[in-house]
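One structure below.
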Amino acid sequence: MAHAAAKTPLAAGAAGPLAGRIRVPGDKSISHRSLMFGAVTVGETRIEGLLEAEDVLGTAAAMRALGATVTRDGEGLWRVSGLGVGGLLEPETVLDFGNAGTGSRLTMGLVGGHAIAATFVGDASLSRRPMGRVLDPLRRMGVEVIARKGDRIPLTLRGPDVVVPITYRVPVPSAQVKSSVLLCALNSPGVSTVIEPVATRDHTERMLQGFGAAIEVEKGPAGERVIRLQGRPDFKPQTVTVPGDPSSAAFAIVAGLIVPGSDVTVEAVLLNPLRTGLFTTLLEMGADLTIENERLSGGERIGDVRVRSSRLKGVRVPPERAPSMIDEYPILSVAAAFAEGETFMEGLEELRVKESDRLSAVAHGLKVNGVEVEEGETSLKVVGGARRIGGGTVPTHLDHRIAMSFLVMGMAGHAPVTVDDTATIATSFPSFLALMTGLGAAFQEARAAA
């Protein structure tokens, strides 16, 4: 799972109008969770449309190592025969999550709820990312943690004989922290409560309910989300249909807006209201964006997102919107570079601890391609409408979203944009280059930096 040393740079040049209909791979968040829930369910769970990217395949391998039977029947078609809540087995090898922050952090919660020991490792990028925000509540639940300085991996967890039910107020908006606590609480003998001052993506709560857990979600007196979970549920096997990942769809959507003359439709995209902050923002910027064929699938709203090239204008993106679009700020920043006026984004502290320091990486990528930008500690201002955009080489820092975002910039730029490495794109969107080429994008091999 570790990222290979050899870099594979690539350049994107100006494209003619992009046109066509595509379907992006399954949502990564739901793919991770479907494998995990299947692993703690007695019986066979079927998954349709699973994202077959490195991050998710790492989670599949981890569930196998923990004793579940995980079988691939065809493209996106998987079966998981689980061991029931509390039934996971101690793995004989380390759990290698490569670059996957979601897979590793959620599995920490799942493993922490079992009286077993497991060691977590990952690539250079994941090894730099802090895990304390997940480990702190797990420690309160009785989980023993042996970790490097700063609570970074490699680290080993040993779950308690009996998980302590807790009430935990999430200190920062993080679906990963919330989900890790809920997954650990599954094997608790009582009720655990998670309080979210700011709502984050709710796939874990929806899937808990779908598999048969007793879970209540209500609004507290100050508007916070209060989630109560009764431990030790009797899960029932499910068939999970994974919708298209809106974070992956974002690249084609923004490309369709900024490349002149384009008309692009991305089919069957997840429209969960806690995941559509980017769409809201693009509409405020003047995007010609419409939702077609809206329908329900597996308890989630999905639809086809159609965009046509648009004259965008700069906007202020409020900090409270960040949890619903936290992975989309890099590609939003690219859209902002082609908008008229300034776009100001706030509440971006979470970007400091992603696959890279995304806030710094985005700011640098914009600067080297001629875009005026002002980076704050938790904010970013992008001044759109530069006379000449492109011509720079962007360090990706092992971050797939940085690589894809700046390749999209090159499609509408005045000069090609080069990213120093595309290998990590496979962690979340292995078909990115093929799908974008099919729409009309043009990529060229680039020379690796000395």
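If R0 is 45 Å, the Cβ-Cβ spacing of residue 291 and residue 140 corresponds to a FRET efficiency of close to 0.60. Across region 1-156, the relative contact order, built from alpha-carbon pairs under 8 Å that are at least six residues apart, equals 21 percent. Other residues within the sphere of radius under 13 Å centred on the Cβ of residue 286, judged by their own Cβ, net out at 0 (K and R +1, D and E -1).
Calculated mean residue ellipticity at 222 nm for the chain: -8500 deg cm²/dmol, from DSSP H runs with n ≥ 4 weighted as -39500 (n - 2.57), summed, divided by the residue count and rounded to 500.
Multiplying the residue separation of residue 320 and residue 149 by 0.36 nm and subtracting their alpha-carbon distance yields 58.4 nm. Span-like helix check, the chain: no full DSSP H segment qualifies, none having both a Cα axial length of 20 Å or more and a mean Kyte-Doolittle of -0.5 or more.
Just the accessible area per residue of region 297-450, please: how many Å² with a 1.4 Å probe? Present the calculation step by step, with values, prior to reporting the outcome.
Working: 5650 Å² over 154 residues.
About 37 Å² of surface per residue is accessible.
Using the Cβ of residue 305 as centre and a radius below 14 Å, the other residues enclosed give a net charge of -2, where K and R count +1 and D and E count -1. Around residue 117, what is the net charge, scoring Lys/Arg as +1 and Asp/Glu as -1 over all other residues with Cβ under 9 Å from its Cβ? Residues close to residue 117 contribute a combined charge of -1.
The modelled label-to-label distance between residue 124 and residue 19, using points 7 Å beyond Cα along the C-beta direction, is 4.4 nm.
Ligands, DNA and RNA are left out, and with a 1.4 angstrom probe the accessible area of region 1-69 is 34 Å² per residue. Measuring between their Cα centroids, region 389-427 and region 165-241 lie 37 Å from each other. Dipole of region 219-268 (Lys/Arg Cβ +1, Asp/Glu Cβ -1, origin at the Cα centre): which of 264, 252, 220 lies farthest to the positive side? The residue sitting farthest along the positive end of the dipole is 220. Estimated at 0.36 nm per residue, the fully extended path between residue 162 and residue 228 surpasses their Cα-Cα distance by 21.9 nm. Within the same chain, lysines fewer than 8 places from residue 178 are excluded, and of the rest, those with a Cα less than 29 Å from its Cα are 28, 149, 219, 236, 354. Applying 1/(1 + (r/R0)^6) with R0 = 22 Å to the Cβ-Cβ distance of residue 115 and residue 218 gives a FRET efficiency near 0.10.
I need to check one value: relative contact order of region 342-450, counting alpha carbon pairs closer than 8 Å and at least 6 residues apart, in percent.
That works out to 21 percent.
When you count the other C-beta atoms within 10 angstrom of each residue and take the mean per peptide, 98-108, 342-352, 403-413 line up highest first as 403-413, 98-108, 342-352.
Please give the length that would be gained between residue 79 and residue 283 if that part of the chain were fully extended, namely 0.36 nm times their separation in residues minus their C-alpha to C-alpha distance (nm, one decimal). Walk me through the intermediate numbers first.
Numbers: separation 204, 0.36 × 204 = 73.44 nm, distance 3.88 nm.
Result for the pair: 69.6 nm of gain on full extension.
Considering only 439, 50, 356, and ranking their Cα positions along the charge dipole of the chain that arises from unit charges at the beta-carbon of Lys, Arg, Asp and Glu, the one farthest toward the positive end is 356.
When a/c reaches 1.5 or more, the comparison of a/b and b/c decides; with that in mind, is region 50-141 rounded, prolate or oblate per its Cα gyration tensor?
Values: a/c = 2.04, a/b = 1.23, b/c = 1.66.
Verdict is oblate for region 50-141.
The alpha carbons of region 33-189 give a radius of gyration and a Dmax of 14.6, 42 Å, in that order.
The values are calculated or read from the model by the stated rules, or taken from the named source; none is laboratory data. This structure is a prediction, so every number in the text was calculated from the model and none was measured. Cβ: placed from backbone, ideal geometry, glycine included. Neighbour counts: every protein chain shown. Surface areas here come from the heavy atoms of the whole protein model, side chains and all, with no ligands, DNA or RNA. Shrake-Rupley method; radii C 1.70, N 1.55, O 1.52, S 1.80 Å.
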